[in-house]
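The values are calculated or read from the model by the stated rules, or taken from the named source; none is laboratory data. Predicted model only: the values in this text are computed from it and were never measured. All Cβ positions, glycine included, derive from the backbone under ideal geometry; neighbour counts span all protein chains shown. The area values use the complete protein model at the heavy-atom level, side chains included, leaving out ligands, DNA and RNA. Shrake-Rupley method; radii C 1.70, N 1.55, O 1.52, S 1.80 Å.
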Amino acid sequence: MDEKSNPVYKDQRFGQSRELLFSYDKDGNFEKTVGFHGEPDRVILQQAWDHFNERIADAREKVLAGKVSPIVYYMEKNLVDTLNLSMLAGISLWRVKRHYKPNVFKRLNDKTLQKYAVAFNISVEELKKVD
Amino acid sequence: MVKLEFEHRQAGHCESGVTSNLLNYYNYKISEPMAFGIGAGLFFSYLPFMKMQHAPTTSFRVWPGMIFERATKMLGVKTMVHHFKDPKESMTKLNEVLEQGYPVGLQVGTFHLPFFPPEYRMHYNMHNMVVYGHDNGTYFISDTLMEKLVEISYDDLMRVRYAKGTFAPQGRMYYPVYVPKEIDIKPAIISGIRKTAYNMSGVPFPLVGAKGIRYLSRRMRKWEKNLGPEKASYYLGQVLRMEEEVGTAGAGFRFIYGAFLDEASLVLNQDWLKEMSIEMGENANKWREFSYYGSRNCKKRGKPDQSYDFLADMLLECADREEKIFKKLAKIK
């Protein structure tokens, strides 16, 4: 898997963009500064990405063990939850949940698979296995 | 091929920045905090039943689109807003409007935005930016979060305009069509302050305004016991991310609002607003302190550095301060 197709952020690239930040000093002046985010902001962003990466690794293991279908892995990789996935793919919520079962996933027709593939921006062949 | 002469100014918040930049194009100088204050952008709500990225939603701003709508309405600026079902149709309309010489504001989702810093590419559908020209399938963008002007291709733009999920933008585009020569800004400021004061201290509903902050503080005390240390720190992190990251210019818009009160005191010639702005600044610094101590809990996962009671007390203090400030501001004349 190459760097570009991986949406998950890696921590060594932190602080590439500068933003406009406001601050307030004791004399009653509000100041604008263009700068990088500070340490606390990086910590909380990193926490979110750690959380996502953990969920992805978790889902991958489960798929390889045959407990859930690859849809779960790609869902976590695209950082969405079940409700948003059903909106993305245009498939009703209970059907999406049902497709998490490996046995049900095996019997899916091409039309439904295509819907998921479009939602995840990958091909149908890729959808059937995890990388 | 169209390329309008659009002045790009970086801003703390996307929507108020877009509003001020669009009005600036029509030679009406309005600063970003001013646009934010008149649009009554400040808000607080905590919605535990609505999950966003696996944690309850905390919002420090009003509904997307409200700031632009309110600010232009109060200033007497006539605008056009479009929604489309068909993506292709919306792009054709966009080209048409650009060729007529209007820069256009767009609501987009951030997940597929190619020029966006990678650390922010989560599913967040409330981002705003301005298109000021197009050339053969390339669109010229002024994004207030970025330092420089950027470009985007036709397919990418269509994709981000039709991002799906909560608060889906549905190709929403908006632009001012008529800006009056003489604008009386004073009633607009007063109305904006009144609206914010009502939102923050007068709504009879426990999840919004100062009451919402108290509610969050009550819930926070139970997090560690009910959810376990790991999940509690993630929930706390979510509150802090909504407060500090997603384009708030720090402390959940409290700094911008303080700057607005500062400016308003000069325009309206009312000295007590200056005092209010100082109180607002101190309040904002308190929020900053909260996020500083809170982030330490997020760093060592599962091993809280500060107890949740300590953080909840800090929130209570913020709630008291804000209620006091906005009850006073509600009496503005």
| message | For the range B:46-72, give me each residue that is under 20 Å from B:ILE325 (Cα atoms) and open to solvent by 10 Å² or more (accessible area, probe 1.4 Å). | response | B:SER59, B:ARG61, B:VAL62
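State yes or no: is A:ASP41 within 25 Å of B:GLN238 (Cβ to Cβ), acidic (Asp, Glu) and out of contact with any Pro (no Cβ under 6 Å at 6 or more places or on another chain)?
yes
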| query | If you go through the range A:37-47 one residue at a time, do you hit one that is within 20 Å of B:HIS123 (Cβ to Cβ), open to solvent by 30 Å² or more (accessible area, probe 1.4 Å) and at pLDDT 65 or above? | reply | yes
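A quick yes/no check of all residues on (1) outside any helix (DSSP H, G or I); (2) farther than 19 Å from B:GLU119 by Cα; (3) more than 10 Å from every other protein chain (Cβ to nearest Cβ):
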{"site": "B:ALA232", "(1), (2), (3)": "no, yes, yes"}
{"site": "B:ARG241", "(1), (2), (3)": "no, no, no"}
{"site": "B:PHE253", "(1), (2), (3)": "no, yes, no"}
{"site": "B:PHE260", "(1), (2), (3)": "no, yes, no"}
{"site": "B:TRP272", "(1), (2), (3)": "no, yes, yes"}
{"site": "B:GLU275", "(1), (2), (3)": "no, yes, no"}
{"site": "B:ILE278", "(1), (2), (3)": "no, yes, no"}
| said: Would you confirm whether or not the range B:75-83 contains a residue that is within 30 Å of B:GLU323 (Cβ to Cβ) and either among the β-branched types (Val, Ile, Thr) or buried (at least 17 other Cβ atoms within 10 Å of the Cβ) (or both)? | reply: yes
| request: Run A:LYS128 past the list (1) charged (D, E, K, R); (2) more than 24 Å from B:GLY165 (Cβ to Cβ); (3) within 19 Å of the chain's Cα centre (by Cα); (4) surrounded by 15 or more Cβ atoms within 10 Å (Cβ to Cβ) and report the number of the one that doesn't hold. | output: (4)
| task | Name every residue in the range B:144-162 that is under 20 Å from the mean Cα position of the chain (by Cα) and open to solvent by 20 Å² or more (accessible area, probe 1.4 Å), in order of residue number. | result | B:LEU145, B:MET146, B:GLU147
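Out of curiosity, is B:GLU15 open to solvent by 10 Å² or more (accessible area, probe 1.4 Å) and in the same structural domain as B:ARG161 (by TED's automatic domain parsing)?
Spelling it out, it is not the case that B:GLU15 is open to solvent by 10 Å² or more (accessible area, probe 1.4 Å) and in the same structural domain as B:ARG161 (by TED's automatic domain parsing).
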| message | What's the total number of residues in the range B:282-303 that are at pLDDT 80 or above, open to solvent by 60 Å² or more (accessible area, probe 1.4 Å) and more than 9 Å from chain A (Cβ to nearest Cβ)? | response | 1
| said: Exactly one of these conditions fails for B:ILE141: (1) closer than 21 Å to B:TYR26 by Cα; (2) in contact (Cβ under 8 Å) with a residue 60 or more places away in the chain; (3) surrounded by 15 or more Cβ atoms within 10 Å (Cβ to Cβ). Give me its number. | reply: (2)
